[in-house]
Amino acid sequence: MMYDIIILGKGPAGIQASLYTARANMKTLIIANGWGSLEKAEKIENYYGLPHPISGEELLHNGVKQTQALGVDFIEDEVVAINGYEEVEVITLHGKYQAHALIIAIGAARKKVRIDGLTKFEGKGVSYCAVCDGFFYRDKKLGILGYKDYTAHEAYELKPFTNDITIYTNGNELEMSSKAKKLIEGMKIVKEKISEIIGTDIVSGAILENDNKVTFDGLFVAYESASGSELALKMGLELDKQSIVVNDKFETNIPLIFAAGDCIGGFKQVSKAVGDGAIAGKSAIEFVRNKKKNL
Ligand SMILES: Cc1cc2nc3c(=O)[nH]c(=O)nc-3n(C[C@H](O)[C@H](O)[C@H](O)COP(=O)(O)OP(=O)(O)OC[C@H]3O[C@@H](n4cnc5c(N)ncnc54)[C@H](O)[C@@H]3O)c2cc1C
């Protein structure tokens, strides 16, 4: 089914955007894989209209109920890639969804793995985007860092370029669905913790906690789930450090893609995320209406 607007994330920014898009009669789908940062907030008392403090969880559940009552569809799944310029296609671990416009509201980048030397080699053999950089590693020896479904998805993206892929879980057990495990069939798996990423000008390998040394020509990082900046990288969206760059209409540099909330940086609070979501929603509505006029 073709949606008018897909929104990624069911935090305050995504839900607020959907309240406007649904009430403007836009067929709206929200895709999210969990609750985001507010889930951990014990008490919210600095948001408008709350006579008593309320837990982050309660605020989130209220938001979802409010927008579900307006007919917004929900899919619980992890987004791993976004494609398309005429229409947008969102790829999740379990499906593909199309829309005329997209609002990215997936919150701030989740805590990333910390390993000595990792950031030093970013852009020098350490990559966060298999689709962008896989081509540079034809027939090379690759490592991929992670242990979840997103890791499997990225490893699978690298398969056409080389047969030599090792998954480094960094001390974690694999937490993958059976479908994801199928994607990495035949790949080597190293579960030891990594002490240090090593190299000279470019990355050459890693030292494991048991002091063993492993070698690779490139290391792709796909830890936990895809963050806004990783999705943006794959899509060619402009970034300022980890934040997606938007203009005052919350449009990104790709016209049919909007972004709102913590993923665009600035004051990381519910009030600001809600304000961003409202404007991004309004701009996406205008965009879709204009597009439909010209069809
Ligand atoms: C412990 C804590 C306490 C806080 N207390 C307060 C407070 O008292 N007052 C206040 O104003 N703010 C508080 N904040 C900040 C507030 O939670 C954030 O500013 C706000 O939630 C940002 O909203 P958002 O919609 O941009 O992102 P989020 O609320 O983080 O929502 C992001 C959404 O995107 C989804 N998502 C992420 N990646 C993917 C993916 N790859 N695929 C699919 N879905 C994805 C997430 O599951 C989630 O649904 C607190 C934050 C924390 C961590």
Worksheet item: Given the conditions (1) free of Cβ contacts under 8 Å to residues at least 60 places away in the same chain; (2) assigned to a helix (DSSP H, G or I), which single one is not true for ASP248?
Response: (2)
Practice prompt. Could you check, for the stretch 106-126, whether at least one of its residues is surrounded by 18 or more Cβ atoms within 10 Å (Cβ to Cβ), polar (S, T, N, Q) and over 30 Å from SER271 (Cα atoms)?
Written response: no
Response to the item:
Being under 20 Å from PRO12 (Cβ atoms) and out of contact with any strand residue (DSSP E or B) (no Cβ under 7 Å at 6 or more places or on another chain) narrows GLY228, GLY236, GLY261 down to just GLY261
Practice prompt. Would you mind stating whether ALA81 is of a type in the set (A, V, I, L, M), in contact with a strand residue (DSSP E or B) (Cβ under 7 Å, 6 or more places away or on another chain) and closer than 23 Å to ALA226 by Cα?
Written response: yes
Worksheet item: What pairs can you find where one residue is in the stretch 260-273 and in the same structural domain as LYS241 (by TED's automatic domain parsing), the other is more than 7 Å from the ligand (Cβ to nearest atom) and among the β-branched types (Val, Ile, Thr), and their Cβ atoms are less than 7 Å apart, with a gap of 6+ or different chains?
Response: ALA260/ILE103; CYS263/ILE104; CYS263/ILE244; ILE264/ILE244; ILE264/VAL246
Worksheet entry | Of residues in the stretch 216-251 being in contact with an Asp or Glu (Cβ under 7 Å, 6 or more places away or on another chain) and farther than 30 Å from ASP139 by Cα, the one surrounded by the fewest Cβ atoms within 10 Å (Cβ to Cβ) | VAL245
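In the list ASP262, ASP217, which residue meets the criterion of being away from the ligand (no atom under 15 Å from the Cβ) and within 30 Å of THR169 (Cα to Cα)?
On the way: ASP262 fails: away from the ligand (no atom under 15 Å from the Cβ).
Only one candidate passes the filter, namely ASP217.
The values are calculated or read from the model by the stated rules, or taken from the named source; none is laboratory data. As the structure is a prediction and not an experimental result, all values here were calculated from the model. A quick note on method: Cβ atoms are made from the backbone with ideal geometry, for glycine too, and the neighbour counts reach across all protein chains shown.
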